[in-house]
Amino acid sequence: MSPQPLKLKKEDITELGRWKANVMRYQLNVPRSLAGDPAKYRNWLERCLKNLDNLLPEFKKQNIYVILDMHTPPGGRYGKMQLLGTASDGKRAQATPQSAFRMFFEDTYKDLYLSCWKEIAERYKDQDIIVAYDLVNEPDQSMSMPKYDYLWLQEQAAKAIRKIDPEKLLIVTCDEWAKSRTFPKLRPLPLKNVLYTFHFYSPGEYTHQGIADQFAQAKQGKIKGYPGKYDGYWFDREQMRVSMKPVRDFQLKYGAKIYVGEFSVIRFAEGGAQYLEDAISLFEEYGWNWTYHAFREWNYWSVEHSDDINDIAPTKQDTDRKKVLLRYFQKNKFGSGN
């Protein structure tokens, strides 16, 4: 998972090449203050894509594919994002009508969303290093009755893209901020080369450690560990398997290909390396694709920063969390889809 798109630099990609990473989810993340203005949205999106264009030679040199992630669709959400969804701490991540995308209700943004995907597909249809179009990041319509259903709208984008680019992977996201529990209401699209994605931050109380209140408890030394008891049950690798079961069932029922677009644990959480090891080992067991959240985006998600909550400088030594990623990256083969 990339940093903010305009902050990604050539040397970042070079470093990921040394790690043997083979794909980056490049987030087309438009600031909330600009997302509601179609002209400003287009301008920002173009800046993101131009930066990507300038970096494509380095991606090719390092054998790193690119997934284009519509992280902020036109219009954005009705409400403030900071305390919503997987960006929160689990207990405060409550779905509200404000968490819905405006394009679910307003034609201006729905039309712009489809138009942007058509233009992106036209721009990159002949670029093999661009491997997939991630149609929308973390939709949520659980507390609303939208004019345009989250899956229907993704399907319209997918069909529009297919008329321009018949081969690239299409990534379809489940509802409720991409939670695994919503897979039972997902249905396969009648198109080829489709991946189905969810984001894994379970339990949120552990992975986020109070992000919504700026880690107030953690800064007082009350740091949660893994494995551990959350919401009355013991959470470990086997409970992870239970949490992912709706996705696994969908995979087996339809022969679907699965992509874990985001997963992570805040860097100071106790047992973070074991958490990542257990999660990735299950992804690998099930044959799922995955991207870690995130690379050089924010120091609290960074595997290049220590476990010390107060230390905001990158460490010179590889952290245990980074070692987990590096060990799995060694298995990557460019061009194999693995």
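What follows draws every value from the coordinates through simple rules; no lab data is involved. Worth saying up front: this structure is predicted, and the values here are computed from it rather than measured. Note: ideal-geometry Cβ built from the backbone for every residue, glycine included; neighbour counts use all protein chains shown.
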Checklist entry - Considering only the other residues whose Cβ falls under 13 Å of the Cβ of Thr291, what net charge follows from Lys and Arg at +1 and Asp and Glu at -1? => result -3
Checklist outcome for this item: Phi angles of region 312-329, converted by Karplus (6.51 cos²θ - 1.76 cosθ + 1.60, θ = phi - 60°) into ³J(HN,Hα) in whole Hz with x for Gly and Pro, give 9, 9, x, 8, 7, 9, 5, 6, 4, 5, 5, 4, 4, 4, 4, 4, 6, 4
Item to check | Cα pair distances in region 5-329, grouped into 20 Å bins until the bin that holds the longest one, percent each | outcome: 31, 62, 6
Item to check | Rounded to 5, percent antiparallel among DSSP beta bridges of region 5-329 | outcome: 15 percent
Checklist entry - Mind checking Rg over Rh on region 100-247, alpha carbons, Kirkwood formula for Rh? => result 1.06
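For region 115-178, take N as its residue count and report Rg(C-alpha) divided by 2.2 N^0.38 Å.
Scaled against compact globular proteins, the figure is 1.19.
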Checklist entry - Taking θ as phi - 60°, what are the ³J(HN,Hα) couplings along region 199-213 by the Karplus curve (6.51, -1.76, 1.60), each to the nearest whole Hz, with x for Gly and Pro? => result 10, 10, 9, 10, x, x, 4, 8, 5, 9, 6, x, 4, 5, 10
